[in-house]
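One structure is given below, encoded as structure tokens.
The values are calculated or read from the model by the stated rules, or taken from the named source; none is laboratory data. Keep in mind the model is a prediction, meaning the values are calculated, not measured. Because the Cβ atoms are built from the backbone with ideal geometry, glycine has one as well, and the counts that use them run over all protein chains shown.
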Amino acid sequence: MMAHTSLYTVDPLGQEDAALLRGVADLLVIAFPTIYAGNVTQALADVVQFAPEDRSLVARDSEGAPIGWVRMEHFKKQSSAEIKLVAVHPTRRRQGVGRTLVMAAEERMRIIGCVTMLATVGDTRGRTNLYGMDVTEDAPRLLANFACHADHPAGFFLKIGYRLVGLLPDAYGPGKHDLTLARRITHNEG
């Protein structure tokens, strides 16, 4: 077991528990209705692909039901890792589940030598002030004045201490950018 609160536990998600994998897939369908559009089969394929214990963690309530999932990736010979997805059941949001999952993921990556954790989030629905803009004209100024709606994932990462460090212009089409946030997860050893 990695983390425990009085309300839920956070553990590595392995591929051996079919019922738990299906529960996480159901969670994804509920947490991301526009991505999965009710397609549990696709969600399950995504969960199974990223279920090796070194790549995902699941938060479960006191009855064992999945209430959150984090997927991360570490590239060999690099000192950074990336949070690929944080999913929290809508009824459990704003209760610290997402923060706990990210902190547990950071701890796993810190143990294997990672220095920095990244998170990349897209804006395809106009939830940031950069949406629809040609950011290639003055990216430093635009990044310095970044703002987003409370429901955009960048807001979550900013709230827990990440900083906006870059963007990939037009990743999803004109004016639809990928944003990269980061946080140092180790102390500077000098």
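Computed values, structure above
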item	result
Segment 10-28, residues that are part of a loop (DSSP other than H, G, I, E, B) and surrounded by fewer than 19 Cβ atoms within 10 Å (Cβ to Cβ)	14, 15, 16, 17
Selection from segment 167-176 of residues that are surrounded by 14 or more Cβ atoms within 10 Å (Cβ to Cβ) and more than 11 Å from residue 132 (Cα to Cα)	167, 171
Residue match in segment 29-42 (condition: at pLDDT 90 or above, surrounded by fewer than 18 Cβ atoms within 10 Å (Cβ to Cβ) and closer than 29 Å to residue 110 by Cβ)	yes
Yes/no for residue 46 being surrounded by fewer than 16 Cβ atoms within 10 Å (Cβ to Cβ), within 16 Å of the chain's Cα centre (by Cα) and at pLDDT below 90	no
Residues satisfying the stated conditions in segment 127-151, i.e. free of Cβ contacts under 8 Å to residues at least 12 places away in the same chain and assigned to a helix (DSSP H, G or I)	140, 141, 144
Complete set of residues in segment 91-113 that are out of contact with any Gly (no Cβ under 7 Å at 6 or more places or on another chain), under 30 Å from residue 77 (Cβ atoms) and either crowded, with 22+ Cβ neighbours inside 10 Å or charged (D, E, K, R) (or both)	99, 100, 102, 105, 106, 107, 108, 109, 110
Count - residues of segment 152-190 that are part of a loop (DSSP other than H, G, I, E, B), within 10 Å of residue 119 (Cβ to Cβ) and hydroxyl-bearing (Ser, Thr, Tyr)	1
Count of segment 101-114 residues which are modelled with pLDDT of 95 or more and of a type in the set (Val, Ile, Thr)	1
